[in-house]
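Okay, structure first, notes after.
Since every read-out is calculated from the coordinates, none of them should be taken as a lab result. Quantities reported herein were computed from a predicted structural model and do not represent experimental measurements. Cβ: placed from backbone, ideal geometry, glycine included. Neighbour counts: every protein chain shown.
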Amino acid sequence: MSRSKVMDRRTALKGVGVAIGLPLLEAMMPSGIFGGSASAEEKKSALAAAGMGGSSSKTPVRLAFVAIPNGMWMDHFTPKTVGPLTDLPPSLKPLEALRGDFSILSGLAQDNARAKGDGPGDHARSAAAFLTGAHPFKTAGSNIKLGISVDQVAAKSIGQQTQLPSLELGCDVGRKAGECDSGYACAYVSNISWADETTPMPKLVDPAAVFERLFGKNTGQFDMARKMAERKSILDYVRDDTKRLEKQVGSADQKKLDEFTTSLRELERRIENNMKNKEAVAPPPGFNRPTGIPKEYSEHLKLMYDMMIVAFQTDCTRVCTFQVASEGSNRSFNFIGVSGAHHELSHHGKKPDNVEAIKKIDHFYMSQFGYFLQRMKAVKEGSGTLLDNCLIMMGSGIGDGDRHNHDDLPILLAGKGGGTVVPGRHVQYPKNTPLCNLFVSMLQRAKVNATRFADSTGPLPQLS
Amino acid sequence: MKRFGSLLLFMLSSVAFSACAGDARPAPKDPKEILARYDKEIKPLLSTHCFKCHGNGKKKGNVNLDDALSIDSIQKNTNKWLAVLEQVRTGSMPPEEVQAVDKKNVELIVRWLGEAIATADHLRPRDPGFVSLHRLNRTEYNNTIRDLTGVDFRPADDFPADDSGYGFDNIADVLTMSPLLAEKYIGAAESIVERVIKMETSKTPTPLSGLIGEAKRAQTVGQDDSGLIFSNNGDATMMPHTQPGSEYTLKIKASQAPAGTEPAKMLVKVDGVDVLNQGVDAPKDKPKEFTAKFRAKGESAKVVVMFTNEFREAEPQKNGRRRSRRLFVHAVELEGPPGAPKEEKNRKKVFIAMPSKELTEEACAEKILKNFATRAFRRPVKDDELKSLLKIYSNVRKDAPSFEKAVGSALTAALVSPFFLFRVENKLPFAVPPTPDNPTGAWPLDEYEIATRLSYFLWSTMPDDELFMLAGQRMLKNPKIREEQVRRMLKDRRSGQLIENFAGQWLELRNLDEVMRDGKLFPQFDTKLASAMEREATLFFDSIVREDRSIFTLIDADYTFVNGPLAQLYGIPNIKGDEFQKVTLKNSPRGGVVTMGSTLTLTSNPTRTSPVKRGKWVLEQILGTPPPPPPPEVPTLVEKPSDEAGASLRKRLEAHRADPSCAVCHNRMDGLGFALENFDSIGRWRDSDGKFPVDASGTLPGGDSFKGAIELKAVLMKRREGFARNFVEKMLTFALGRGIKQYDRATVNEILKQVEQNEYKFSSVVMGIVNSDAFLKRREKRGDE
């Protein structure tokens, strides 16, 4: 395969490169707080009001969650010893240069991914429970019920200070036909972010669409103020219509209309922000709109990671989730010399060929993630880097793809959380420590007022 | 044994409707007789053979048979009794360690259960069920916008994907709302209205000239103000309206960014035929125009523009960048037919009037908005709603540069209104108390709601003028007129959506473009062959609809449609080229959906066939008796390195079934799949699998044996009642946009009765559905669902 396929990303990438070194405070403070024309004095007081002060140590902490499907070959993921990361296991080799920027947290479990009498459908369940810590109600469609996900808890708090409360990304559009997993509705398989018990937050898979969501469709000249004023009057009308409709439908449909009203309110908040600013947040100089989804999976992944970086860099959002592939993904990995499909291979039955293939796939995903961390580290922010001011959890809701266990999950935590976390270690927690304890700790470090989340029993110790 | 038990639990829910497949349907009896026979004949048998595990409070596999039996309890537990029936009939229960039931008594139990369930169903109250507020899915949104405004650029394609439930993506319960979607709605509404204004009112040509503004682009193809941008091989499709038989000229303005030695190649196809294959040797600032002529076949032509020679230079330029070849397409225009007036095709749908001396701006705006909102909301717009829209218009008009822009703002608002985005079905202003005649408190839908249900079921779009008019005249509650409409709608081109959306999901054709095959083993499998498979299935289903054939033709047809590549795959001689033609199949194992390339491919693995997947597919999609999924702790086929050389796939699967906890389901699946082993994993005929000769024999629990696809189809035809029920249930799911519940048995049975009386014609399934209470009525959601 010698096709030219990197065009899309390369165009976008230029931007990531160029923007390196642009300190956050000068260039891209939250535009919800002040407009481009604000004086230095105004900026300072706005910052103080937002509780962010002026020094880099007070730069906001951003949260990201990256979900990998089908578990990992744990023997090549878990370091042999606890303490400082010295000898990296084979699957972590792509992160060699980042040894001081992440930790491996062993022994964590997502209990609600377990069957608990609901029978098969483990992939749907683990995707659903991964960030929610909730047990999905088993249904193929009616009465979907799960719980709010950790990123959405953050979105409802720190997310209110930015253009977008949160950003949801993925690479798979989801199954186009047929059932999803053993009687579970597809919503559980293709969404890891949930606004509440019944409302999944759909993800964007086209980097061009992400770009447009962050920076608007038209970067050219048009009258933003008028457009936003028009939008606002349209929303007023729609709100009235919704009230009219509420009176016409039965009580069971009120819930659906509530979802609609909430979405409108969110839209309105964004419009009001835009009106205050007179202009949309600009992409970093030279960072162009990608032309669509690249053919190559690796390019697609990189481009989506790039999108996360610019979203954080420009402070469009501080909360992001990325589902690299739908849980139970049967993607083929011919391009790294693996024949067969991911999910089928993950039921390796310890057969050496299958295990080799799984190791290659794990290695591939870690290399892509390594690219992401490298780029984050290359973006300067105050006296540190963007990576220093982030907390990025990467992992899977399944441990070993063959056993479908939900304890001893592969969990990696990258970034320093603005100096609140000391990375570079392998920490072993007692068996069945709730993964949600990590979520509580992450939320707290991002200044989200949280003491509990789902089945947490407290914050996770030994992070700093 | 615990595992075994949990398996049974799942079988319960999954064999729900499988009973008495094939045999004549049991007739309802006098309920008193049913209960008396239970006490006298059946209970003693159950007590001897079943109660050890399933009686006296015990509920192994979560099955307990201690019911205080009444018609009511049979109605409430029909799925359980159906499962018992299937287990006893096939001899799967009782298990070996318990004393077997002798043949005479098996018949006794089976007959009683069949009649008891028939009786319970017969007495079951009709329940229309509950459908929640239905958001338009992406397909429905695209189609509705096309019919409402005349702009057809598929704005919903970049909305987030709709989740599906019960196998379809139009299930009201899972069509949720999110801030992202709300953002998309307002953005889409703005660009739709912008295009409408340009199309219907502007005198200057749009920057995106001609058809390309509405092109459906492959994901690799970009677009900006200068036109389409092809950086990678990819295509863009346009569907202009044409007059069948007339001659047209296609004019395409294109340019390139050069790289390497050859110019960018542009291939243009019309209805699958190459009309232009051109090196585009023109720089971006000096595009050239290329023309091609073609004769239109139908009411629209499928124009596909493709970039075919993507290339990236290996050596970087001085600035460090490596040049890539790109194709730019600036304009695609259609001229003709000769002598025809230009562009009267775009009848005005939105700006139906313009201000004039006789018509003030205000009055004109009202006229436009009243017409638009009525069509957008799929019912007459109310005064207060119209007033609010006019308020938007007048607020904007104060400082908007033009009348069109101000009206446009109100149009945009209507497109974000929940009355447009949701298919609203009103509750009644008063509660309907349950009565003996109407135990569920249901009420009839109004005429406009019926028109809307009909059009989204059969066309996946809004009602057309005729339906709308009939709704206004209150004619759609008249069954005769409704049936006339259904026949008209099935004949209409738009019913292609029923095939694409219903059949495309039922037969999972939509997944074909993601199928991967090992290139070394199957070099002939490419996207062209995959799309030919999809086309075959679509044309075949289309023939059932258009010719109103029996739905059993789906199983045992003696014809299909092939083009050159597919004919070659199937071993059918003398067919060349990309055009599809109908071929008759006599004494051939082909014919019907089970042995179609699409099905055989979709149910295989990348490197080998999967009798298990194929068997599961037949159980699920044909017989409607899906096997339960394997419990998580059961390994998939364990392949030891020595296996592959030493034993056939069949032998390895048989070893797998030695474990009784596997056998319980695999006995049902594998037999069916083995019968299809003569087809490899892209659906090609074979007599041996590697070095092993194919053994295509199989048996099913309950005794049916068969060898090869022809005999398998005969067995499926023997069970055709089960297929008919399954087909009706799938289509009812799609028609209603909700899952089928136990209470729907009354509805399904009634539809089946009509279908049977009409020789199982396709249209009778549709008629049965649109005449059912479930389709024509609604009720409030009950606390227990």
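Place +1 on the Cβ of every Lys and Arg and -1 on the Cβ of every Asp and Glu in the range B:223-321, take the dipole about the Cα centre, and give the residue among B:291, B:305, B:264 whose Cα lies farthest towards its positive end.
The Cα lying farthest towards the positive end belongs to B:291.
For residue A:351, list the lysines whose Cα falls under 21 Å from its own Cα; do not include residues on the same chain fewer than 8 positions away.
Of all the lysines, those that pass the test against residue A:351 - Cα under 21 Å, at least 8 places apart if same chain - are A:359, A:360, B:640, B:651.
Which of B:561, B:674, B:106 sits closest to the plus end of the dipole of chain B, meaning its Cα is farthest towards the positive end, when Lys and Arg get +1 and Asp and Glu get -1 on the C-beta?
B:561
Could you give me the radius of gyration and the Dmax of the range B:660-747, taking only the C-alpha atoms into account and expressing both in angstrom?
16.8, 52
Taking the Cα-to-Cβ direction at residue B:531 and at residue A:244 and moving 7 Å from each Cα, how far apart do the two end points lie in nm?
Each label point is offset 7 Å from its Cα along the Cβ direction, giving 4.4 nm.
When N counts the residues of the protein assembly as shown, how does its alpha-carbon radius of gyration compare numerically with 2.2 N^0.38 Å, as a ratio?
Dividing the Cα radius of gyration by 2.2 N^0.38 Å gives 0.94.
Among residues other than residue B:580 whose Cβ falls under 9 Å from its Cβ, what is the net charge (Lys/Arg +1, Asp/Glu -1)?
Cβ neighbours under 9 Å give a net charge of -1.
Counting only C-alpha contacts under 8 Å and six or more residues apart, can you give the relative contact order of the range B:306-408 as a whole percent?
14 percent
Rounded to the nearest 10 degrees, what's the angle between the helix B:447-458 long axis and the longest principal axis of chain B, both from Cα atoms, 0 to 90?
It works out to around 80 degrees.
How large is ³J(HN,Hα), in whole Hz, for each residue of the range B:717-733 in order, when computed from phi with the Karplus curve 6.51 cos²θ - 1.76 cosθ + 1.60 and θ = phi - 60°, using x for Gly and Pro?
5, 5, 9, 5, 4, x, 5, 4, 4, 5, 5, 4, 5, 5, 5, 5, 4
Below 8 Å, C-alpha to C-alpha, sequence gap of six or more: please give me the relative contact order for chain B in percent.
14 percent
Averaged over A:259-270, how many beta carbons belonging to a partner chain fall within 10 Å of each residue's beta carbon?
So the per-residue partner count for this stretch is 5.
How many nm is it between the label spots at residue A:431 and residue B:48, if each spot is 7 Å from the Cα in line with the beta carbon?
4.9 nm
Among the lysines, which fall within straight-line cross-link reach of residue A:116, defined as a Cα-Cα distance under 16 Å, with same-chain neighbours fewer than 8 residues apart omitted?
A:138, A:145, B:2
So how much slack lies between residue B:384 and residue B:520, counting 0.36 nm per residue of separation and subtracting their Cα-Cα distance, in nm?
42.3 nm
In nm, what is the difference between 0.36 nm times the number of residues separating residue B:691 and residue B:756 and their Cα-Cα distance?
Full extension from residue B:691 to residue B:756 adds 18.7 nm.
Students often check this: by mean Cβ neighbours within 10 Å, which of B:158-167, A:309-318, A:255-264, A:444-453 ranks highest, and how do the rest follow?
Sorting B:158-167, A:309-318, A:255-264, A:444-453 by mean packing, highest first, produces A:309-318, B:158-167, A:255-264, A:444-453.
Add +1 for every Lys or Arg and -1 for every Asp or Glu among the other residues with Cβ under 14 Å from the Cβ of residue B:461, and state the total.
+2
Given the pairs B:32/B:80; A:227/B:284; A:302/B:613; B:76/B:730, which span a C-alpha to C-alpha distance of over 24 angstrom in this model?
From B:32/B:80; A:227/B:284; A:302/B:613; B:76/B:730, over 24 Å: A:227/B:284; A:302/B:613.
At what distance in angstrom do the alpha carbon centres of the range B:525-540 and the range B:546-609 lie from each other?
Measuring centre to centre over Cα atoms gives 10 Å.
For residue B:777, list long-range residues whose amide hydrogen, built 1.01 Å from N in the peptide plane, is under 5 Å from its own amide hydrogen.
B:445
Listed highest first by mean packing, meaning other Cβ atoms within 10 Å per residue, what order do B:62-69, B:354-361 come in?
Packing order, densest peptide first, comes out as B:62-69, B:354-361.
Quote to one decimal, in nm, the extra length available between residue B:100 and residue B:572 on full extension: 0.36 nm per residue of separation minus the C-alpha distance between them.
164.9 nm
Report, in degrees rounded to the nearest 10, the 0 to 90 angle that the Cα long axis of helix B:2-14 makes with the longest principal axis of chain B.
Value to nearest ten degrees: 60.
Taking the 0 to 90 degree range and rounding to the nearest ten, how far is the long axis of helix B:660-674 tilted relative to the main principal axis of chain B, both from C-alpha atoms?
60 degrees
Hey, got the dipole for the range B:398-456? About the Cα centre, +1 on K and R Cβ, -1 on D and E Cβ, debye to the nearest 20?
Computed about the Cα centre, the dipole is about 220 debye.
Residues of the range B:422-452 with amide nitrogen under 13 Å from the 7 Å Cα-to-Cβ point of residue B:741?
The answer is B:440-442.
Roughly what % antiparallel, to the nearest 5, for the DSSP beta bridges in the protein assembly as shown?
Given both bridge residues lie in the protein assembly as shown, the antiparallel proportion sits at roughly 75 percent.
Can you tell me the FRET efficiency between residue B:395 and residue A:449 if r is taken as the Cβ-Cβ distance and R0 is 30 Å, rounded to the nearest 0.05?
Efficiency at R0 = 30 Å is approximately 0.15.
Take chain B, compute every pairwise Cα distance, and split them into 20 Å bins from 0; I just need the percent in each bin.
All Cα pairs, binned at 20 Å, distribute as 14, 41, 33, 11, 1 percent.
Lysines within cross-link reach of residue B:367: Cα-Cα under 23 Å, excluding same-chain residues under 8 positions apart?
Here the lysines satisfying the reach criterion relative to residue B:367 are B:198, B:203, B:345, B:348, B:349, B:357, B:382, B:387, B:391, B:398, B:405.
Can you tell which of A:124, A:61, B:527 lies farthest toward the positive end of the dipole of the protein assembly as shown, using +1 and -1 charges on the Cβ of basic and acidic side chains (Lys, Arg; Asp, Glu)?
Checked the options; the winner is A:61.
Between residue B:39 and residue B:782, how high is the FRET efficiency from 1/(1 + (r/R0)^6) when r is the Cβ-Cβ distance and R₀ = 35 Å? Nearest 0.05.
0.65
Can you put B:307, B:153, B:51 in order, fewest other beta carbons within 10 Å first?
Least to most surrounded, the residues fall as B:51, B:153, B:307.
Give the separation of the Cα centroids, the range A:158-201 to the range B:260-296, in Å.
The two parts, judged by their Cα centres, are 42 Å apart.
At 222 nm, what value in deg cm²/dmol follows for the protein assembly as shown if DSSP H runs of at least 4 each add -39500 (n - 2.57) and the sum is divided by all its residues, to the nearest 500?
-12000 deg cm²/dmol
Label points 7 Å out from Cα along the Cβ direction at residue B:313 and residue B:484: separation in nm?
Result: 7.0 nm between the two label points.
Obtain the radius of gyration and the Kirkwood radius of the range A:248-391 from its C-alpha atoms and give Rg over Rh.
That ratio is 1.10, to two decimals.
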